[in-house]
Amino acid sequence: MLKLDFHPAGRHFLQIPGPSPVPDRILRAMSYPTIDHRGPEFGALGLQVLNGIKKIFKTEQPVVIYPASGTGAWEAALVNTLSPGDDVLMYETGHFATLWKKMAEALGLQPEFLGLPGIEGWRRGVQPDLIEARLRQDGAHQIKAVCVVHNETSTGVTSDIAAVRKAIDAAGHPALLLVDTISGLASADYRHDEWGVDVTVSGSQKGLMLPPGISFNAVSKKALEASKTAKLPKAFWGWTEIIEMNATGYWPYTPNTNLLYGLAEALDMILGEGLDNTFARHQRLAHACRQAVRAWGLEIQCADPAVYSPVLTGVMVPEDFDADQIRKTIYEHFDMSLGTGLGKMKGRMFRIGHLGEANDLTLMATLAGCEMGLKLAGVPLAGSGVLAAMEVLGAQKVKPALKAA
Ligand SMILES: Cc1ncc(COP(=O)(O)O)c(C=O)c1O
(Lines give C-alpha, C1' and ligand atoms only; values in the text may rest on other atoms or scores of the structure.)
Protein backbone atom coordinates (compact mmCIF):
# COMPACT_ATOMS: atom_id res chain seq x y z
CA MET A 1 0.00 0.00 0.00
CA LEU A 2 1.28 3.45 -0.92
CA LYS A 3 2.26 5.44 2.16
CA LEU A 4 -0.25 8.29 2.15
CA ASP A 5 1.13 10.33 5.02
CA PHE A 6 3.74 11.67 2.63
CA HIS A 7 2.08 15.05 2.17
CA PRO A 8 0.97 17.39 4.95
CA ALA A 9 -2.63 18.55 5.47
CA GLY A 10 -4.69 19.71 2.50
CA ARG A 11 -4.19 19.11 -1.18
CA HIS A 12 -0.78 18.94 -2.75
CA PHE A 13 -0.37 21.78 -5.26
CA LEU A 14 0.63 20.07 -8.49
CA GLN A 15 1.59 23.10 -10.56
CA ILE A 16 3.86 21.42 -13.08
CA PRO A 17 2.85 21.76 -16.73
CA GLY A 18 1.43 18.28 -16.76
CA PRO A 19 0.41 15.94 -15.42
CA SER A 20 -2.14 18.49 -14.29
CA PRO A 21 -4.44 17.98 -11.29
CA VAL A 22 -7.26 15.54 -12.07
CA PRO A 23 -10.69 16.99 -11.17
CA ASP A 24 -12.87 15.02 -8.75
CA ARG A 25 -15.49 14.52 -11.47
CA ILE A 26 -12.96 12.68 -13.59
CA LEU A 27 -11.59 10.65 -10.67
CA ARG A 28 -15.13 9.55 -9.83
CA ALA A 29 -15.88 8.63 -13.44
CA MET A 30 -12.72 6.52 -13.57
CA SER A 31 -13.79 4.60 -10.50
CA TYR A 32 -16.69 2.89 -12.36
CA PRO A 33 -16.15 -0.87 -12.57
CA THR A 34 -14.09 -2.04 -15.53
CA ILE A 35 -16.35 -3.62 -18.18
CA ASP A 36 -15.87 -6.21 -20.92
CA HIS A 37 -13.97 -4.46 -23.70
CA ARG A 38 -15.74 -6.70 -26.23
CA GLY A 39 -19.21 -6.16 -24.80
CA PRO A 40 -22.02 -3.87 -26.04
CA GLU A 41 -21.59 -1.16 -23.39
CA PHE A 42 -17.97 -0.76 -24.32
CA GLY A 43 -18.79 -0.18 -28.00
CA ALA A 44 -21.05 2.71 -26.99
CA LEU A 45 -18.32 4.23 -24.80
CA GLY A 46 -15.75 3.76 -27.57
CA LEU A 47 -17.89 5.58 -30.13
CA GLN A 48 -18.67 8.35 -27.64
CA VAL A 49 -15.00 9.15 -26.95
CA LEU A 50 -13.81 8.60 -30.54
CA ASN A 51 -16.41 11.06 -31.82
CA GLY A 52 -16.05 13.51 -28.95
CA ILE A 53 -12.29 13.81 -29.16
CA LYS A 54 -12.55 14.95 -32.80
CA LYS A 55 -14.19 18.15 -31.57
CA ILE A 56 -11.17 18.90 -29.40
CA PHE A 57 -8.73 18.38 -32.28
CA LYS A 58 -11.16 20.23 -34.59
CA THR A 59 -11.09 17.45 -37.15
CA GLU A 60 -13.49 15.32 -39.15
CA GLN A 61 -10.73 12.76 -39.67
CA PRO A 62 -9.93 9.71 -37.49
CA VAL A 63 -8.27 10.21 -34.12
CA VAL A 64 -6.42 7.11 -32.94
CA ILE A 65 -6.33 6.60 -29.17
CA TYR A 66 -3.42 4.57 -27.76
CA PRO A 67 -3.03 3.17 -24.23
CA ALA A 68 0.38 4.83 -23.99
CA SER A 69 2.08 8.03 -22.89
CA GLY A 70 2.70 10.82 -25.39
CA THR A 71 6.06 9.33 -26.36
CA GLY A 72 4.24 6.34 -27.83
CA ALA A 73 2.06 8.60 -29.97
CA TRP A 74 5.23 10.41 -31.19
CA GLU A 75 6.56 7.04 -32.35
CA ALA A 76 3.22 6.13 -33.94
CA ALA A 77 3.22 9.36 -35.97
CA LEU A 78 6.68 8.59 -37.38
CA VAL A 79 6.40 4.84 -38.01
CA ASN A 80 3.02 5.10 -39.73
CA THR A 81 4.07 7.74 -42.24
CA LEU A 82 7.80 7.28 -42.97
CA SER A 83 10.33 4.78 -44.29
CA PRO A 84 13.88 3.93 -43.14
CA GLY A 85 16.39 6.60 -44.18
CA ASP A 86 13.78 9.26 -44.93
CA ASP A 87 14.87 12.87 -44.46
CA VAL A 88 12.75 14.79 -41.95
CA LEU A 89 12.97 18.46 -41.07
CA MET A 90 12.54 18.97 -37.33
CA TYR A 91 12.55 22.30 -35.52
CA GLU A 92 14.43 22.92 -32.26
CA THR A 93 12.05 24.71 -29.90
CA GLY A 94 13.30 23.08 -26.70
CA HIS A 95 13.77 19.85 -24.78
CA PHE A 96 10.76 18.00 -26.18
CA ALA A 97 11.59 18.84 -29.78
CA THR A 98 15.08 17.50 -29.01
CA LEU A 99 13.70 14.24 -27.63
CA TRP A 100 11.46 13.76 -30.68
CA LYS A 101 14.48 14.25 -32.92
CA LYS A 102 16.46 11.64 -30.91
CA MET A 103 13.58 9.24 -31.41
CA ALA A 104 13.59 9.87 -35.16
CA GLU A 105 17.32 9.01 -35.22
CA ALA A 106 16.74 5.86 -33.20
CA LEU A 107 14.08 4.77 -35.70
CA GLY A 108 16.51 5.07 -38.61
CA LEU A 109 15.27 8.39 -40.02
CA GLN A 110 17.61 11.22 -41.05
CA PRO A 111 16.40 14.25 -39.09
CA GLU A 112 17.80 17.70 -39.80
CA PHE A 113 17.45 20.02 -36.81
CA LEU A 114 16.62 23.57 -37.78
CA GLY A 115 16.51 26.49 -35.36
CA LEU A 116 17.98 29.68 -33.97
CA PRO A 117 21.39 29.27 -32.33
CA GLY A 118 21.93 28.49 -28.64
CA ILE A 119 19.41 29.42 -26.03
CA GLU A 120 17.71 31.93 -28.41
CA GLY A 121 16.02 29.02 -30.16
CA TRP A 122 14.53 27.99 -26.83
CA ARG A 123 13.08 31.46 -26.21
CA ARG A 124 11.21 32.00 -29.47
CA GLY A 125 8.76 29.86 -31.40
CA VAL A 126 9.23 28.10 -34.70
CA GLN A 127 10.45 30.54 -37.39
CA PRO A 128 8.36 29.59 -40.43
CA ASP A 129 10.63 31.53 -42.81
CA LEU A 130 13.54 29.22 -41.92
CA ILE A 131 11.34 26.22 -42.77
CA GLU A 132 10.22 27.80 -46.05
CA ALA A 133 13.81 28.64 -47.07
CA ARG A 134 15.01 25.10 -46.30
CA LEU A 135 12.14 23.48 -48.20
CA ARG A 136 12.78 25.73 -51.22
CA GLN A 137 16.33 24.32 -51.36
CA ASP A 138 14.91 20.80 -51.50
CA GLY A 139 13.85 20.80 -55.14
CA ALA A 140 14.05 16.99 -55.31
CA HIS A 141 11.56 16.69 -52.42
CA GLN A 142 13.83 14.47 -50.35
CA ILE A 143 12.32 15.83 -47.13
CA LYS A 144 9.30 13.68 -46.34
CA ALA A 145 8.01 15.39 -43.21
CA VAL A 146 8.25 18.60 -41.21
CA CYS A 147 7.95 18.01 -37.44
CA VAL A 148 7.22 20.81 -34.99
CA VAL A 149 6.13 21.11 -31.38
CA HIS A 150 3.10 23.39 -30.94
CA ASN A 151 3.34 24.08 -27.20
CA GLU A 152 6.95 23.50 -26.10
CA THR A 153 6.45 22.46 -22.49
CA SER A 154 10.11 22.93 -21.56
CA THR A 155 10.02 26.66 -22.29
CA GLY A 156 6.47 28.02 -22.38
CA VAL A 157 6.44 28.94 -26.07
CA THR A 158 3.44 28.23 -28.33
CA SER A 159 4.35 28.24 -32.03
CA ASP A 160 2.14 29.39 -34.87
CA ILE A 161 1.18 26.19 -36.69
CA ALA A 162 -0.96 27.95 -39.32
CA ALA A 163 2.16 29.92 -40.29
CA VAL A 164 4.18 26.70 -40.61
CA ARG A 165 1.49 25.31 -42.93
CA LYS A 166 1.68 28.51 -45.02
CA ALA A 167 5.47 28.23 -45.19
CA ILE A 168 5.26 24.65 -46.51
CA ASP A 169 2.64 25.69 -49.09
CA ALA A 170 4.61 28.79 -50.11
CA ALA A 171 7.60 26.55 -50.86
CA GLY A 172 5.30 24.31 -52.91
CA HIS A 173 6.64 21.32 -50.98
CA PRO A 174 4.71 18.04 -50.50
CA ALA A 175 6.22 17.14 -47.08
CA LEU A 176 3.82 15.94 -44.42
CA LEU A 177 3.27 18.22 -41.42
CA LEU A 178 3.54 16.38 -38.08
CA VAL A 179 2.74 18.40 -34.95
CA ASP A 180 3.15 17.62 -31.26
CA THR A 181 0.49 19.38 -29.20
CA ILE A 182 0.83 17.05 -26.24
CA SER A 183 0.68 19.97 -23.81
CA GLY A 184 -1.33 22.37 -25.98
CA LEU A 185 -4.50 20.40 -26.70
CA ALA A 186 -7.63 21.66 -24.93
CA SER A 187 -5.69 24.58 -23.42
CA ALA A 188 -4.44 26.47 -26.49
CA ASP A 189 -6.36 27.04 -29.72
CA TYR A 190 -5.67 24.14 -32.09
CA ARG A 191 -7.22 23.28 -35.48
CA HIS A 192 -6.04 20.03 -37.06
CA ASP A 193 -8.12 20.30 -40.25
CA GLU A 194 -8.06 24.06 -40.82
CA TRP A 195 -4.28 24.25 -40.35
CA GLY A 196 -3.69 21.34 -42.70
CA VAL A 197 -1.85 19.22 -40.18
CA ASP A 198 -1.22 15.62 -41.28
CA VAL A 199 -0.61 14.01 -37.91
CA THR A 200 -1.32 15.70 -34.59
CA VAL A 201 0.16 14.00 -31.55
CA SER A 202 -1.29 14.59 -28.09
CA GLY A 203 -1.60 13.11 -24.61
CA SER A 204 -4.07 12.81 -21.77
CA GLN A 205 -2.28 14.33 -18.80
CA LYS A 206 -2.28 18.02 -19.67
CA GLY A 207 -5.26 20.06 -20.91
CA LEU A 208 -7.51 17.02 -20.91
CA MET A 209 -7.02 16.80 -17.12
CA LEU A 210 -6.67 12.99 -17.12
CA PRO A 211 -3.91 10.96 -15.52
CA PRO A 212 -1.05 9.96 -17.84
CA GLY A 213 -1.74 6.84 -19.90
CA ILE A 214 -3.54 7.58 -23.13
CA SER A 215 -2.30 9.44 -26.18
CA PHE A 216 -3.55 10.37 -29.61
CA ASN A 217 -2.80 10.62 -33.33
CA ALA A 218 -5.21 12.74 -35.36
CA VAL A 219 -4.65 11.62 -38.94
CA SER A 220 -5.28 13.48 -42.21
CA LYS A 221 -6.29 11.78 -45.48
CA LYS A 222 -2.82 12.50 -46.84
CA ALA A 223 -1.21 10.84 -43.81
CA LEU A 224 -3.47 7.80 -44.19
CA GLU A 225 -2.42 7.59 -47.83
CA ALA A 226 1.26 7.85 -46.83
CA SER A 227 0.77 5.04 -44.30
CA LYS A 228 -0.02 2.63 -47.12
CA THR A 229 3.55 2.82 -48.43
CA ALA A 230 5.48 3.75 -45.25
CA LYS A 231 8.03 1.03 -44.49
CA LEU A 232 9.23 1.66 -40.94
CA PRO A 233 8.41 -1.47 -38.93
CA LYS A 234 5.22 -1.21 -36.87
CA ALA A 235 2.78 -3.61 -35.25
CA PHE A 236 1.16 -2.22 -32.08
CA TRP A 237 1.26 1.34 -33.47
CA GLY A 238 -0.20 0.52 -36.92
CA TRP A 239 -3.22 2.70 -37.68
CA THR A 240 -5.05 0.50 -40.20
CA GLU A 241 -6.40 -2.23 -37.94
CA ILE A 242 -7.17 0.18 -35.10
CA ILE A 243 -9.15 2.55 -37.35
CA GLU A 244 -11.05 -0.40 -38.84
CA MET A 245 -12.11 -1.67 -35.42
CA ASN A 246 -12.80 1.84 -34.10
CA ALA A 247 -15.65 2.07 -36.64
CA THR A 248 -17.77 0.08 -34.17
CA GLY A 249 -16.17 1.49 -31.00
CA TYR A 250 -13.65 -1.28 -30.33
CA TRP A 251 -9.85 -1.79 -30.42
CA PRO A 252 -7.75 -4.73 -31.63
CA TYR A 253 -6.29 -5.08 -28.11
CA THR A 254 -7.41 -4.33 -24.55
CA PRO A 255 -7.87 -0.56 -24.34
CA ASN A 256 -7.51 1.53 -21.21
CA THR A 257 -11.16 1.25 -20.15
CA ASN A 258 -11.07 3.37 -16.99
CA LEU A 259 -9.09 6.16 -18.61
CA LEU A 260 -11.70 6.17 -21.38
CA TYR A 261 -14.41 6.72 -18.73
CA GLY A 262 -12.29 9.65 -17.60
CA LEU A 263 -11.95 10.89 -21.16
CA ALA A 264 -15.74 10.82 -21.65
CA GLU A 265 -16.10 12.93 -18.50
CA ALA A 266 -13.31 15.33 -19.54
CA LEU A 267 -15.00 15.85 -22.91
CA ASP A 268 -18.27 16.68 -21.12
CA MET A 269 -16.47 19.19 -18.92
CA ILE A 270 -14.50 20.89 -21.70
CA LEU A 271 -17.30 20.99 -24.26
CA GLY A 272 -19.68 22.07 -21.49
CA GLU A 273 -17.47 25.06 -20.69
CA GLY A 274 -17.01 25.62 -24.42
CA LEU A 275 -13.59 25.34 -26.08
CA ASP A 276 -13.34 29.09 -26.66
CA ASN A 277 -14.12 29.79 -23.01
CA THR A 278 -11.54 27.22 -21.97
CA PHE A 279 -8.90 28.90 -24.16
CA ALA A 280 -9.85 32.37 -22.86
CA ARG A 281 -9.57 31.18 -19.25
CA HIS A 282 -6.08 29.84 -19.93
CA GLN A 283 -5.05 33.10 -21.64
CA ARG A 284 -6.33 35.16 -18.73
CA LEU A 285 -4.52 33.06 -16.12
CA ALA A 286 -1.32 33.09 -18.18
CA HIS A 287 -1.50 36.88 -18.47
CA ALA A 288 -1.96 37.25 -14.71
CA CYS A 289 0.96 34.88 -14.11
CA ARG A 290 3.24 36.87 -16.41
CA GLN A 291 2.27 40.11 -14.66
CA ALA A 292 3.34 38.47 -11.40
CA VAL A 293 6.72 37.43 -12.85
CA ARG A 294 7.29 40.98 -14.15
CA ALA A 295 6.38 42.47 -10.76
CA TRP A 296 8.95 40.19 -9.10
CA GLY A 297 11.49 41.65 -11.52
CA LEU A 298 12.28 38.23 -12.97
CA GLU A 299 12.54 37.34 -16.64
CA ILE A 300 9.99 35.30 -18.59
CA GLN A 301 11.69 32.51 -20.54
CA CYS A 302 9.64 33.17 -23.69
CA ALA A 303 11.20 36.23 -25.33
CA ASP A 304 8.48 36.90 -27.92
CA PRO A 305 5.08 38.08 -26.59
CA ALA A 306 3.41 36.82 -29.79
CA VAL A 307 4.11 33.23 -28.73
CA TYR A 308 3.59 33.30 -24.96
CA SER A 309 2.11 29.99 -23.84
CA PRO A 310 -1.34 29.92 -22.22
CA VAL A 311 -0.38 26.59 -20.60
CA LEU A 312 2.70 27.44 -18.55
CA THR A 313 5.10 30.25 -17.78
CA GLY A 314 8.86 29.69 -17.64
CA VAL A 315 10.51 31.87 -15.00
CA MET A 316 14.25 32.53 -15.26
CA VAL A 317 16.08 33.02 -11.96
CA PRO A 318 19.03 35.38 -11.36
CA GLU A 319 22.35 33.83 -12.47
CA ASP A 320 23.66 33.29 -8.93
CA PHE A 321 20.64 31.16 -7.93
CA ASP A 322 19.83 27.53 -8.72
CA ALA A 323 16.19 27.26 -9.81
CA ASP A 324 16.01 23.68 -8.51
CA GLN A 325 17.02 24.82 -5.01
CA ILE A 326 14.20 27.39 -5.12
CA ARG A 327 11.77 24.69 -6.25
CA LYS A 328 12.96 22.50 -3.39
CA THR A 329 12.37 25.30 -0.87
CA ILE A 330 8.85 25.83 -2.23
CA TYR A 331 8.12 22.11 -2.18
CA GLU A 332 9.35 21.63 1.36
CA HIS A 333 7.63 24.69 2.82
CA PHE A 334 4.39 24.84 0.89
CA ASP A 335 3.87 21.35 -0.54
CA MET A 336 3.80 22.65 -4.09
CA SER A 337 5.50 21.09 -7.13
CA LEU A 338 6.73 23.38 -9.89
CA GLY A 339 8.27 22.24 -13.18
CA THR A 340 12.04 21.86 -13.30
CA GLY A 341 14.25 23.42 -15.98
CA LEU A 342 14.95 20.82 -18.66
CA GLY A 343 17.97 20.27 -20.91
CA LYS A 344 19.75 23.55 -21.67
CA MET A 345 17.64 25.33 -19.03
CA LYS A 346 18.48 23.01 -16.11
CA GLY A 347 18.90 25.10 -12.95
CA ARG A 348 18.23 28.33 -14.84
CA MET A 349 14.44 28.38 -14.70
CA PHE A 350 11.34 26.90 -13.12
CA ARG A 351 7.98 26.41 -14.82
CA ILE A 352 4.57 27.35 -13.45
CA GLY A 353 1.73 25.27 -14.89
CA HIS A 354 -1.66 27.01 -15.22
CA LEU A 355 -3.56 24.46 -17.27
CA GLY A 356 -6.46 22.07 -17.10
CA GLU A 357 -8.89 22.90 -14.30
CA ALA A 358 -6.81 25.87 -13.10
CA ASN A 359 -8.84 28.87 -11.91
CA ASP A 360 -8.27 32.30 -10.39
CA LEU A 361 -7.76 31.10 -6.84
CA THR A 362 -5.56 28.11 -7.69
CA LEU A 363 -3.34 30.54 -9.60
CA MET A 364 -3.32 33.03 -6.72
CA ALA A 365 -2.33 30.30 -4.27
CA THR A 366 0.36 29.12 -6.66
CA LEU A 367 1.80 32.60 -7.02
CA ALA A 368 1.68 33.11 -3.24
CA GLY A 369 3.65 29.88 -2.81
CA CYS A 370 6.18 31.05 -5.40
CA GLU A 371 6.55 34.49 -3.86
CA MET A 372 7.02 33.18 -0.32
CA GLY A 373 9.46 30.55 -1.59
CA LEU A 374 11.49 33.03 -3.64
CA LYS A 375 11.82 35.25 -0.56
CA LEU A 376 12.80 32.31 1.66
CA ALA A 377 15.43 31.33 -0.91
CA GLY A 378 16.83 34.86 -0.71
CA VAL A 379 15.98 35.91 -4.27
CA PRO A 380 15.73 39.73 -4.35
CA LEU A 381 12.29 40.69 -5.66
CA ALA A 382 11.37 44.06 -7.16
CA GLY A 383 7.78 43.88 -5.86
CA SER A 384 4.81 41.66 -5.18
CA GLY A 385 3.73 39.37 -8.01
CA VAL A 386 0.72 38.32 -5.96
CA LEU A 387 -0.60 41.89 -5.86
CA ALA A 388 0.07 42.32 -9.58
CA ALA A 389 -1.89 39.16 -10.42
CA MET A 390 -4.74 40.24 -8.14
CA GLU A 391 -4.96 43.46 -10.13
CA VAL A 392 -5.50 41.42 -13.30
CA LEU A 393 -7.88 38.81 -11.93
CA GLY A 394 -9.86 41.20 -9.73
CA ALA A 395 -10.56 43.59 -12.59
CA GLN A 396 -13.46 41.52 -13.91
CA LYS A 397 -16.48 42.14 -11.67
CA VAL A 398 -18.78 39.11 -12.05
CA LYS A 399 -17.98 35.78 -13.61
CA PRO A 400 -21.00 35.10 -15.84
CA ALA A 401 -21.08 31.44 -14.82
CA LEU A 402 -21.67 32.40 -11.19
CA LYS A 403 -24.20 35.22 -11.67
CA ALA A 404 -27.19 34.90 -9.35
CA ALA A 405 -30.35 33.74 -11.14
C1 LIG B 1 5.50 18.75 -25.68
C2 LIG B 1 5.71 17.36 -25.16
N3 LIG B 1 6.03 16.39 -26.02
C4 LIG B 1 6.22 15.12 -25.60
C5 LIG B 1 6.11 14.76 -24.28
C6 LIG B 1 6.33 13.35 -23.87
O7 LIG B 1 5.11 12.81 -23.44
P8 LIG B 1 5.02 11.66 -22.35
O9 LIG B 1 5.88 12.09 -21.19
O10 LIG B 1 3.56 11.57 -22.03
O11 LIG B 1 5.54 10.41 -22.98
C12 LIG B 1 5.78 15.74 -23.35
C13 LIG B 1 5.66 15.42 -21.92
O14 LIG B 1 5.60 16.26 -21.06
C15 LIG B 1 5.56 17.07 -23.80
O16 LIG B 1 5.24 18.04 -22.94
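Leaving out ligands and nucleic acids, and using a 1.4 Å probe, what accessible area per residue does the chain come to in Å²?
Accessible surface, normalised per residue, equals 42 Å².
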Practice task
Could you give the DSSP H helices of the chain that reach 30 angstrom or more along their long axis (alpha carbon positions) and whose average Kyte-Doolittle hydropathy is no lower than -1.0?
Solution key: 275-296
Exercise for the section: Measure off, as a whole percent, the carbon and sulfur share of the 1.4 Å-probe accessible area of the chain, all protein chains present. Expected result: 57
Handout entry: Orientation-averaged projected area, Cα convex hull of the chain (nm²)
Key = 21.2
Fill in the blank from the handout: Once Met345, Met30 are ranked on solvent-accessible area with the largest value leading and a 1.4 Å probe, the list reads Met30, Met345
Handout entry: Whole-angstrom Cα spans of the range 141-262 along principal axes, big to small
Key = 44, 36, 23
Handout entry: Inter-part distance where the range 378-394 and the range 240-291 are each reduced to a Cα centre, Å
Key = 33
Handout entry: Within the chain, percent of DSSP bridges classed antiparallel, to nearest 5
Key = 50
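Sort the following peptides by mean Cβ neighbour count (other Cβ atoms within 10 Å, averaged over residues), highest first: 136-149, 65-78, 239-252. The partial results should precede the final answer.
Numbers: 136-149: 18.1, 65-78: 22.6, 239-252: 15.9.
Final packing ranking: 65-78, 136-149, 239-252.
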Fill in the blank from the handout: Computed over all unlike Cα pairs, the Kirkwood hydrodynamic radius of the range 136-190 in Å stands at 12.2
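Cβ under 15 Å from Ala175's Cβ, Ala175 left aside: what net charge do those residues give with Lys, Arg +1 and Asp, Glu -1?
Details: positive: Arg134, Arg136, Lys144, Arg165, Lys166, Lys222; negative: Asp86, Asp87, Glu112, Glu132, Asp138, Asp169, Asp198, Glu225.
Charge balance near Ala175 sits at -2.
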Completion exercise
Expressed in square angstrom to the nearest 10, the accessible area of Ile214 with a 1.4 Å probe stands at 0
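The values are calculated or read from the model by the stated rules, or taken from the named source; none is laboratory data. Please read all numbers here as calculations on a predicted model, not as lab measurements. Quick reminder, even Gly has a Cβ in these numbers, built from the backbone with ideal geometry, and neighbours come from all protein chains shown. Just so you know, the surface numbers come from the protein's heavy atoms only, side chains and all, with ligands and any DNA or RNA stripped out. Shrake-Rupley method; radii C 1.70, N 1.55, O 1.52, S 1.80 Å.
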